[in-house]
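Accompanying notes for the structure given below.
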Amino acid sequence: MSIDLTSKSNELKAAGIDILRVAYVDVLGIARSKDLLVSELARSAAHGPAFCQGVWITSTVGGVIESGHASLADGLPDLLTDIDWPTLRPIPWEPGVAIVIAHALDPDGTPNQVSPRTVLGNVLNEYKSLGLTPVAGPELEFYIAKLDEHGHFKRAIEKTGRVYMTGALVDPTGLFLSMLRNLGEFNIGTFAGNHEFSPSQYEINLWHSEAMDAADRTFLMKYAVKDIAARGGAYATFMGKPWNDEGGSGFHMHVSLVDKNGKNVMHAGSELSETTLHFIGGVIKHAPAMTALTNPTVNSYRRIRPDSLAPYRINWGFDNRSTYMRIPPERGEGTRIEVRVADGAANAYLVMAAIFAAGLDGIKKKITPPEPIAGWAYDDETAAVLPGTLAKALDELEANEVLKDALGELLFNSFIALKRDEVNRYNQHVSDWEITEYLEDF
């Protein structure tokens, strides 16, 4: 349906909005955007706005990595965007500005297949053909950090033991409370938040919804938390394990499926349905390859360790927080699977695409899962261990035809190229640990 941009411009002006921030997610999960003057919207958004497709293969340090598509060899062609107007939200902490998510398009107007949002949509359409709708509920942890007098990052507070608390003892400047209030006004389904286990670690909770909407809201939540922190002179980080002496931050995903009538198909009375068991079987089968997407940085593998409260072995269990997949105790419409492996550095769209693609393969092929584990899951030596490095996870992903097909050739190649470059740069870097360990004695 076409939009009358002049009417939309007048509508935004009447609401006090003079800047429209058009945003989309890149392959790495980073928010890319352009600010449009609402007064010029009828012209600036009529055929775009346009971006450079080189953003798909731009690393975190600004390198443009050749991946065989829309990059240097192709002369860095345009990426067009089509504004998804229902995602528009005024930004409470930035008066006069509203943000909206855009569909990424190729110059011919077709969906851009390097876009993570497009790829997730492709996976969700596979479920639609089966009469099913995936539902997701994200849980993300993050740290708030500041710079010390030497320009090094440090945690904003250092007192340990303040687990699951709120108030001035864990939020002395009120920054976290400001985040929670602003996210509440941001209309992304925020309902609670608290200080987490480690000092200066926090969690903000979002309601569940259909998977694309959940991915959009996760994308906006991460953008908002980092933006509000920056305005407060601090840094919010969702990286898997930013500190040697404290725990990592997880991105737990609660997933379920509903039928055309909106009924949860994950349960059969008080038991799990066959659909659920096959979904679990698919995720178990593809877990090694999925790890490159759920844990996509070199740092991610500092968190995946035995006895870390992050998954280490590929197993599942009932209400067991030491497993790869946990089945929470609710049944009926509350029946769901909690996939606990991801960290916040992951791209929410790709995490969901991977989980639902793997689960779909399990449903279609009726893959039987192993028996659920009881007790401390790290001791379950019958279950395989997750890949221990990003390089090994990328090897698993490159060998997995199901996930390769789900991602599509273009996104797959771009992701692999970016991540192999990251591994290579890491392997060539001399770390502080090496200097401390070797310089004096050797």
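What the table shows:
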quantity: Counted residues, the range 187-217 - those being touching a His at 6+ places or on another chain (Cβ under 9 Å) and part of a strand (DSSP E or B); calculated: 3
quantity: Residue within the range 366-373 that is closer than 21 Å to Lys285 by Cβ, part of a loop (DSSP other than H, G, I, E, B), hydrophobic (A, V, I, L, M, F, W, C) and in contact (Cβ under 8 Å) with a residue 12 or more places away in the chain present; calculated: yes
quantity: Among (1) within 29 Å of Ala236 (Cα to Cα); (2) not in a strand (DSSP E or B), the one test that Glu338 misses; calculated: (2)
quantity: Residue that is farthest from Ser414 (Cα to Cα), among those in the range 119-134 that are touching a residue at least 60 places away in the same chain (Cβ under 8 Å) and assigned to a helix (DSSP H, G or I); calculated: Tyr127
quantity: Filter pass, Glu338 being modelled with pLDDT of 95 or more, outside the structural domain of Leu105 (by TED's automatic domain parsing) and touching a strand residue (DSSP E or B) at 6+ places or on another chain (Cβ under 7 Å); calculated: yes
quantity: In the range 152-180, the residues that are in a helix (DSSP H, G or I) and touching a residue at least 24 places away in the same chain (Cβ under 8 Å); calculated: Leu175, Phe176, Ser178, Met179, Leu180
quantity: Candidate set: the range 16-42, residues that are free of Cβ contacts under 8 Å to residues at least 24 places away in the same chain and charged (D, E, K, R); chosen: the one surrounded by the most Cβ atoms within 10 Å (Cβ to Cβ); calculated: Arg32
quantity: Criterion violated by Tyr164 - all others in (1) loosely packed, with under 13 Cβ neighbours inside 10 Å; (2) out of contact with any His (no Cβ under 8 Å at 6 or more places or on another chain) satisfied; calculated: (2)
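Results for (1) closer than 26 Å to His152 by Cβ; (2) of a type in the set (A, V, I, L, M); (3) in the same structural domain as Val385 (by TED's automatic domain parsing); (4) not in a helix (DSSP H, G or I), shown as yes or no for each residue.
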residue	(1), (2), (3), (4)
Phe219	no, no, yes, no
Tyr223	yes, no, yes, no
Ala230	yes, yes, yes, no
Glu246	yes, no, yes, yes
Val255	no, yes, yes, yes
Asn261	no, no, yes, yes
Ile284	no, yes, yes, no
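The values are calculated or read from the model by the stated rules, or taken from the named source; none is laboratory data. Everything numeric in this text was worked out from a predicted model, so none of it was measured. Every residue, glycine as well, gets a Cβ built from its backbone with ideal geometry; the counts of neighbours run over all protein chains shown.
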